[in-house]
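The values are calculated or read from the model by the stated rules, or taken from the named source; none is laboratory data. Because the structure is a prediction, the values reported are computed rather than measured. Cβ placement follows ideal geometry from the backbone for every residue including glycine, while neighbour counts extend to all protein chains displayed. When the accessible area is computed, the model is the full protein with side chains, heavy atoms only, and any ligands, DNA or RNA have been set aside. Shrake-Rupley method; radii C 1.70, N 1.55, O 1.52, S 1.80 Å.
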Amino acid sequence: MKNVASRLLLSTCCAVGMSQACAATGHVKVTPLGSHDGEFCAADRALIFEDPDGTRILYDAGRTVRGGNDPRLGKIDAVLLSHLHSDHLGDVHQPAANAGSCAAPDFSEKSAPLSVTEEVVLTQKAKLFVGGEMASFFSKRIKEAGGSADQVRLVRFGGESKIGGVRIASVPAAHSNGLDPQFLKDDLAKTLSSSALTAYVGPAGGYVLTFSNGLAVYLSGDTGIIADQDLVVRRFYNAKLAVLNIGGTYSTGPREAAYVINSLVKPNAVIASHANEAVTKDGKLQAGSKTMEFKNAVKVPTYLPLSGKSMEFDAQGKCVAGC
(Lines give C-alpha, C1' and ligand atoms only; values in the text may rest on other atoms or scores of the structure.)
Protein backbone atom coordinates (compact mmCIF):
# COMPACT_ATOMS: atom_id res chain seq x y z
CA MET A 1 0.00 0.00 0.00
CA LYS A 2 2.84 2.37 0.82
CA ASN A 3 4.38 1.84 -2.63
CA VAL A 4 0.99 2.39 -4.32
CA ALA A 5 0.45 5.60 -2.34
CA SER A 6 3.90 6.83 -3.31
CA ARG A 7 3.18 6.26 -6.99
CA LEU A 8 -0.17 8.05 -6.72
CA LEU A 9 1.51 11.04 -5.08
CA LEU A 10 4.16 11.11 -7.81
CA SER A 11 1.51 11.04 -10.56
CA THR A 12 -0.52 13.79 -8.87
CA CYS A 13 2.37 16.17 -8.31
CA CYS A 14 3.66 15.69 -11.86
CA ALA A 15 0.21 16.39 -13.24
CA VAL A 16 0.08 19.77 -11.49
CA GLY A 17 3.63 20.72 -12.44
CA MET A 18 5.25 20.38 -9.03
CA SER A 19 8.61 19.19 -10.41
CA GLN A 20 10.56 19.40 -7.14
CA ALA A 21 7.91 17.40 -5.31
CA CYS A 22 7.95 14.83 -8.12
CA ALA A 23 11.69 14.39 -7.77
CA ALA A 24 11.46 14.10 -3.99
CA THR A 25 8.88 11.28 -4.12
CA GLY A 26 10.21 9.46 -7.19
CA HIS A 27 12.43 6.43 -7.53
CA VAL A 28 15.71 5.90 -9.35
CA LYS A 29 15.45 3.32 -12.12
CA VAL A 30 18.46 1.09 -12.90
CA THR A 31 18.49 -0.89 -16.15
CA PRO A 32 21.40 -3.24 -17.01
CA LEU A 33 22.44 -3.59 -20.67
CA GLY A 34 24.20 -6.95 -20.81
CA SER A 35 25.07 -9.39 -23.56
CA HIS A 36 22.14 -11.78 -23.04
CA ASP A 37 18.53 -10.86 -22.27
CA GLY A 38 17.49 -11.61 -18.70
CA GLU A 39 20.94 -12.84 -17.66
CA PHE A 40 24.03 -11.57 -15.82
CA CYS A 41 26.97 -12.59 -18.00
CA ALA A 42 30.75 -12.53 -18.08
CA ALA A 43 31.30 -9.23 -19.91
CA ASP A 44 28.40 -7.25 -18.44
CA ARG A 45 29.32 -3.78 -17.20
CA ALA A 46 26.77 -1.29 -18.56
CA LEU A 47 23.98 0.21 -16.45
CA ILE A 48 21.51 3.01 -17.20
CA PHE A 49 20.43 5.17 -14.28
CA GLU A 50 17.26 7.21 -14.71
CA ASP A 51 16.51 10.04 -12.30
CA PRO A 52 12.90 10.84 -11.31
CA ASP A 53 13.22 13.99 -13.45
CA GLY A 54 13.94 11.84 -16.54
CA THR A 55 17.72 12.40 -16.77
CA ARG A 56 19.33 9.21 -18.08
CA ILE A 57 22.96 8.29 -17.45
CA LEU A 58 24.89 5.37 -18.97
CA TYR A 59 27.70 3.98 -16.81
CA ASP A 60 30.65 2.07 -18.39
CA ALA A 61 29.18 1.06 -21.75
CA GLY A 62 31.85 -1.60 -22.32
CA ARG A 63 31.34 -4.28 -24.95
CA THR A 64 27.69 -5.17 -24.34
CA VAL A 65 26.17 -1.93 -25.63
CA ARG A 66 25.81 -2.62 -29.33
CA GLY A 67 27.07 0.74 -30.61
CA GLY A 68 25.47 4.15 -30.54
CA ASN A 69 22.25 2.93 -32.16
CA ASP A 70 21.54 0.13 -29.70
CA PRO A 71 17.74 0.42 -29.38
CA ARG A 72 17.91 -0.41 -25.68
CA LEU A 73 19.60 2.92 -24.98
CA GLY A 74 16.59 5.14 -25.51
CA LYS A 75 17.63 8.73 -24.89
CA ILE A 76 20.95 9.09 -23.04
CA ASP A 77 21.86 12.47 -21.54
CA ALA A 78 25.26 11.57 -20.12
CA VAL A 79 27.85 8.81 -20.22
CA LEU A 80 30.18 8.01 -17.31
CA LEU A 81 33.48 6.23 -17.89
CA SER A 82 35.48 4.92 -14.94
CA HIS A 83 38.66 4.15 -16.91
CA LEU A 84 39.98 3.30 -20.36
CA HIS A 85 40.50 -0.44 -20.29
CA SER A 86 38.93 -1.99 -23.37
CA ASP A 87 36.23 -3.91 -21.49
CA HIS A 88 34.90 -0.58 -20.13
CA LEU A 89 35.64 1.79 -23.02
CA GLY A 90 34.45 -0.76 -25.61
CA ASP A 91 36.73 -1.90 -28.42
CA VAL A 92 34.22 -4.42 -29.81
CA HIS A 93 30.56 -5.31 -29.45
CA GLN A 94 28.03 -7.96 -30.40
CA PRO A 95 26.56 -8.08 -33.92
CA ALA A 96 23.13 -8.90 -32.46
CA ALA A 97 21.36 -9.56 -29.20
CA ASN A 98 22.36 -12.78 -27.41
CA ALA A 99 25.18 -13.55 -29.86
CA GLY A 100 27.59 -16.12 -28.47
CA SER A 101 27.18 -17.62 -25.01
CA CYS A 102 26.75 -15.96 -21.64
CA ALA A 103 30.24 -17.13 -20.66
CA ALA A 104 31.79 -16.12 -24.00
CA PRO A 105 29.70 -13.55 -25.93
CA ASP A 106 30.32 -13.03 -29.64
CA PHE A 107 32.11 -9.69 -29.93
CA SER A 108 32.88 -9.85 -33.63
CA GLU A 109 31.88 -6.25 -34.43
CA LYS A 110 34.86 -3.94 -34.11
CA SER A 111 34.60 -0.33 -32.92
CA ALA A 112 38.28 0.57 -32.42
CA PRO A 113 40.03 2.90 -33.12
CA LEU A 114 36.85 4.67 -32.06
CA SER A 115 35.06 3.10 -29.07
CA VAL A 116 31.57 2.03 -28.09
CA THR A 117 31.60 4.81 -25.47
CA GLU A 118 32.38 7.48 -28.06
CA GLU A 119 29.82 6.06 -30.50
CA VAL A 120 27.12 6.49 -27.86
CA VAL A 121 28.25 10.04 -27.01
CA LEU A 122 28.27 11.05 -30.68
CA THR A 123 25.00 9.39 -31.69
CA GLN A 124 23.13 10.56 -28.60
CA LYS A 125 24.79 14.02 -28.51
CA ALA A 126 25.35 13.19 -24.84
CA LYS A 127 27.81 14.58 -22.33
CA LEU A 128 30.80 12.42 -21.41
CA PHE A 129 32.04 12.65 -17.80
CA VAL A 130 35.62 11.53 -17.11
CA GLY A 131 38.43 12.20 -14.64
CA GLY A 132 42.22 12.46 -14.72
CA GLU A 133 43.77 13.45 -18.03
CA MET A 134 40.98 11.75 -19.96
CA ALA A 135 38.99 14.95 -20.63
CA SER A 136 41.51 16.62 -22.96
CA PHE A 137 42.07 13.31 -24.76
CA PHE A 138 38.36 12.76 -25.40
CA SER A 139 37.59 16.40 -26.22
CA LYS A 140 39.95 16.17 -29.18
CA ARG A 141 38.66 12.79 -30.31
CA ILE A 142 34.97 13.71 -30.05
CA LYS A 143 35.57 16.91 -32.04
CA GLU A 144 37.54 15.04 -34.73
CA ALA A 145 34.71 12.49 -35.00
CA GLY A 146 32.11 15.18 -35.68
CA GLY A 147 30.96 16.07 -32.20
CA SER A 148 31.71 19.06 -30.01
CA ALA A 149 34.62 19.32 -27.59
CA ASP A 150 32.32 20.77 -24.94
CA GLN A 151 30.42 17.48 -24.79
CA VAL A 152 33.26 16.23 -22.59
CA ARG A 153 33.11 17.22 -18.92
CA LEU A 154 35.99 16.86 -16.48
CA VAL A 155 35.18 15.84 -12.90
CA ARG A 156 38.22 15.12 -10.75
CA PHE A 157 38.36 13.79 -7.20
CA GLY A 158 37.15 16.44 -4.79
CA GLY A 159 35.01 18.12 -7.43
CA GLU A 160 31.44 17.74 -8.53
CA SER A 161 29.42 18.32 -11.67
CA LYS A 162 25.72 18.15 -12.46
CA ILE A 163 23.35 17.15 -15.22
CA GLY A 164 19.62 17.55 -14.80
CA GLY A 165 18.82 16.79 -11.18
CA VAL A 166 21.82 14.48 -10.74
CA ARG A 167 25.04 15.50 -8.99
CA ILE A 168 28.14 13.64 -10.17
CA ALA A 169 31.15 13.36 -7.88
CA SER A 170 34.44 11.64 -8.66
CA VAL A 171 35.93 9.27 -6.07
CA PRO A 172 39.22 7.36 -6.11
CA ALA A 173 39.79 3.82 -7.32
CA ALA A 174 42.93 1.72 -6.90
CA HIS A 175 43.47 0.46 -10.44
CA SER A 176 45.58 0.98 -13.55
CA ASN A 177 44.34 3.02 -16.51
CA GLY A 178 46.39 2.23 -19.60
CA LEU A 179 44.91 2.95 -23.03
CA ASP A 180 45.40 0.11 -25.52
CA PRO A 181 47.25 1.20 -28.70
CA GLN A 182 44.34 -0.06 -30.83
CA PHE A 183 42.55 3.19 -29.96
CA LEU A 184 45.48 5.27 -31.25
CA LYS A 185 47.00 5.79 -34.68
CA ASP A 186 50.20 6.48 -36.59
CA ASP A 187 53.67 6.14 -35.04
CA LEU A 188 52.55 6.38 -31.43
CA ALA A 189 50.28 3.37 -31.82
CA LYS A 190 53.03 1.39 -33.55
CA THR A 191 55.64 2.25 -30.94
CA LEU A 192 53.46 1.37 -28.00
CA SER A 193 52.20 -1.81 -29.61
CA SER A 194 55.68 -3.03 -30.53
CA SER A 195 56.78 -2.56 -26.91
CA ALA A 196 53.58 -4.07 -25.43
CA LEU A 197 52.88 -0.79 -23.64
CA THR A 198 49.76 1.30 -23.11
CA ALA A 199 49.29 5.07 -23.03
CA TYR A 200 48.88 6.77 -19.65
CA VAL A 201 45.80 8.99 -19.29
CA GLY A 202 45.69 9.69 -15.57
CA PRO A 203 44.24 7.63 -12.71
CA ALA A 204 41.19 5.39 -12.84
CA GLY A 205 38.24 6.36 -10.68
CA GLY A 206 34.70 5.75 -9.52
CA TYR A 207 31.69 7.98 -8.97
CA VAL A 208 29.01 8.85 -6.48
CA LEU A 209 25.74 9.92 -8.08
CA THR A 210 23.26 11.83 -5.94
CA PHE A 211 19.81 11.81 -7.49
CA SER A 212 16.99 14.30 -7.11
CA ASN A 213 15.10 12.00 -4.72
CA GLY A 214 18.13 12.08 -2.37
CA LEU A 215 19.54 8.63 -3.20
CA ALA A 216 23.36 8.51 -3.30
CA VAL A 217 24.82 5.63 -5.36
CA TYR A 218 28.46 4.51 -5.27
CA LEU A 219 29.84 3.28 -8.61
CA SER A 220 33.12 1.62 -7.74
CA GLY A 221 34.72 1.17 -11.15
CA ASP A 222 37.57 -1.33 -11.02
CA THR A 223 39.21 -1.03 -7.61
CA GLY A 224 40.72 -2.83 -4.69
CA ILE A 225 39.96 -2.11 -1.05
CA ILE A 226 40.70 1.55 -0.24
CA ALA A 227 40.16 3.70 2.84
CA ASP A 228 38.23 6.25 0.75
CA GLN A 229 35.35 3.78 0.62
CA ASP A 230 34.82 4.53 4.31
CA LEU A 231 36.12 8.10 4.63
CA VAL A 232 34.64 9.53 1.43
CA VAL A 233 31.93 7.25 0.06
CA ARG A 234 30.26 6.41 3.38
CA ARG A 235 31.08 9.28 5.73
CA PHE A 236 30.86 12.19 3.33
CA TYR A 237 28.49 11.10 0.54
CA ASN A 238 26.47 8.65 2.66
CA ALA A 239 25.90 6.26 -0.25
CA LYS A 240 22.87 4.03 0.33
CA LEU A 241 23.26 1.89 -2.81
CA ALA A 242 26.51 0.50 -4.21
CA VAL A 243 27.46 -0.99 -7.56
CA LEU A 244 30.58 -3.01 -6.82
CA ASN A 245 32.94 -4.93 -9.07
CA ILE A 246 33.43 -8.42 -7.62
CA GLY A 247 35.27 -10.47 -10.24
CA GLY A 248 38.69 -10.73 -8.62
CA THR A 249 42.15 -10.52 -10.28
CA TYR A 250 41.33 -7.16 -11.91
CA SER A 251 39.41 -5.71 -8.95
CA THR A 252 37.99 -6.82 -5.61
CA GLY A 253 37.02 -10.48 -5.53
CA PRO A 254 34.02 -11.87 -3.63
CA ARG A 255 35.72 -11.90 -0.23
CA GLU A 256 37.27 -8.45 -0.59
CA ALA A 257 34.10 -6.97 -2.05
CA ALA A 258 32.05 -8.30 0.85
CA TYR A 259 34.43 -6.55 3.25
CA VAL A 260 33.99 -3.29 1.33
CA ILE A 261 30.21 -3.55 1.70
CA ASN A 262 30.04 -4.84 5.28
CA SER A 263 32.79 -2.77 6.88
CA LEU A 264 33.51 0.29 4.72
CA VAL A 265 30.68 1.60 2.52
CA LYS A 266 27.87 0.01 4.59
CA PRO A 267 25.08 0.75 2.10
CA ASN A 268 21.53 -0.53 2.40
CA ALA A 269 21.83 -2.59 -0.80
CA VAL A 270 24.37 -3.59 -3.43
CA ILE A 271 24.25 -4.46 -7.14
CA ALA A 272 26.97 -6.95 -8.11
CA SER A 273 28.98 -6.04 -11.21
CA HIS A 274 31.95 -7.08 -13.33
CA ALA A 275 31.79 -10.72 -12.23
CA ASN A 276 33.75 -12.09 -15.23
CA GLU A 277 31.66 -15.26 -15.26
CA ALA A 278 28.31 -16.55 -16.48
CA VAL A 279 26.53 -15.68 -13.25
CA THR A 280 23.01 -16.81 -14.12
CA LYS A 281 21.20 -19.43 -16.14
CA ASP A 282 17.58 -18.72 -17.02
CA GLY A 283 17.89 -15.67 -14.79
CA LYS A 284 18.79 -17.71 -11.70
CA LEU A 285 22.04 -17.40 -9.75
CA GLN A 286 24.29 -20.38 -10.38
CA ALA A 287 25.56 -22.35 -7.40
CA GLY A 288 29.33 -22.27 -6.93
CA SER A 289 29.73 -18.93 -8.67
CA LYS A 290 31.86 -16.08 -7.29
CA THR A 291 28.70 -14.02 -7.24
CA MET A 292 26.97 -16.51 -4.95
CA GLU A 293 30.00 -16.43 -2.65
CA PHE A 294 29.71 -12.64 -2.53
CA LYS A 295 25.96 -12.71 -1.97
CA ASN A 296 26.30 -15.16 0.90
CA ALA A 297 28.99 -13.03 2.56
CA VAL A 298 27.31 -9.60 2.55
CA LYS A 299 24.88 -8.40 5.19
CA VAL A 300 22.60 -6.36 2.91
CA PRO A 301 20.31 -7.30 -0.01
CA THR A 302 22.32 -8.16 -3.14
CA TYR A 303 20.78 -7.67 -6.56
CA LEU A 304 21.84 -9.16 -9.89
CA PRO A 305 21.93 -6.88 -12.94
CA LEU A 306 19.83 -9.03 -15.28
CA SER A 307 20.05 -7.53 -18.74
CA GLY A 308 16.97 -5.53 -19.69
CA LYS A 309 15.32 -5.98 -16.29
CA SER A 310 14.80 -2.59 -14.59
CA MET A 311 14.98 -2.13 -10.83
CA GLU A 312 13.72 0.89 -8.90
CA PHE A 313 15.21 2.27 -5.68
CA ASP A 314 13.97 4.79 -3.16
CA ALA A 315 16.06 7.44 -1.39
CA GLN A 316 17.33 4.92 1.19
CA GLY A 317 18.51 2.38 -1.39
CA LYS A 318 15.56 0.06 -0.86
CA CYS A 319 14.46 -1.77 -4.01
CA VAL A 320 10.76 -1.05 -4.48
CA ALA A 321 10.19 -2.66 -7.90
CA GLY A 322 11.83 -5.14 -10.27
CA CYS A 323 13.95 -6.98 -7.72
In the chain the DSSP beta bridges are antiparallel at a rate, in percent to nearest 5, of 65
Pair-distance profile P(r), taking every C-alpha pair of region 227-323, with 5 angstrom steps and integer %:
3, 14, 24, 24, 20, 11, 4, 0
Sorting check: for 286-294, 115-123, which peptide has the highest mean count of neighbouring beta carbons within 10 Å, and how do the rest follow?
115-123, 286-294
Under the rule of -39500 (n - 2.57) per DSSP H run of 4 or more residues, summed and divided by the residues of the chain, what mean residue ellipticity at 222 nm is obtained, to the nearest 500 deg cm²/dmol?
-6000 deg cm²/dmol
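Using Stokes-Einstein with the Kirkwood hydrodynamic radius over Cα pairs, what translational diffusion coefficient do you get for the chain at 10 °C and a viscosity of 1.306 mPa s, in µm²/s rounded to a whole number?
Values: Rh = 19.7 Å.
It diffuses with D of about 80 µm²/s by this estimate.
Once you have the alpha carbon radius of gyration of region 161-293, what is it after dividing by 2.2 N^0.38 Å, with N set to its residue count?
Working: Rg = 17.3 Å, N = 133, 2.2 N^0.38 = 14.1 Å.
The value comes to 1.23.
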Quick one: what are the phi-derived ³J(HN,Hα) couplings along region 301-313, Karplus 6.51/-1.76/1.60 with θ = phi - 60°, whole Hz, x for glycine and proline?
x, 10, 10, 9, x, 6, 4, x, 9, 7, 10, 10, 10
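Among DSSP beta bridges whose residues both lie in region 66-171, state the antiparallel percentage, nearest 5.
Numbers: 7 of 14 bridges.
Bridges in region 66-171 that DSSP calls antiparallel: roughly 50 percent.
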Checked region 39-145 with the C-alpha gyration tensor, a ≥ b ≥ c its square-rooted eigenvalues, rounded below a/c of 1.5, otherwise prolate if a/b is larger than b/c and oblate if not; verdict oblate
What aspartates and glutamates could a cross-link reach from residue 318, if we take a straight Cα to Cα line under 16 Å and drop same-chain neighbours fewer than 8 places away?
50, 51
Pull up all non-local amide H partners of residue 268: gap of 5 or more, or a different chain, and H-to-H distance under 5 Å with H placed in the peptide plane.
241
Cα centroid of region 27-71 to Cα centroid of region 80-152, whole Å
13
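Averaged per residue, what accessible surface does region 166-247 expose to a 1.4 Å probe, in Å²? All intermediate terms of the calculation are to be shown ahead of the outcome.
Details: 3160 Å² over 82 residues.
About 39 Å² of surface per residue is accessible.
Which pairs break 26 Å Cα to Cα here: 127/185; 75/281; 75/266; 75/309; 29/162? Walk me through the numbers before you get to the answer.
Details: 127/185 24 Å; 75/281 30 Å; 75/266 32 Å; 75/309 17 Å; 29/162 18 Å.
From the list (127/185; 75/281; 75/266; 75/309; 29/162), the Cα-Cα distance tops 26 Å for 75/281; 75/266.
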Anchor residue 140: aspartates and glutamates whose Cα lies under 14 Å away (excluding residues fewer than 8 positions away in-chain)
118, 150
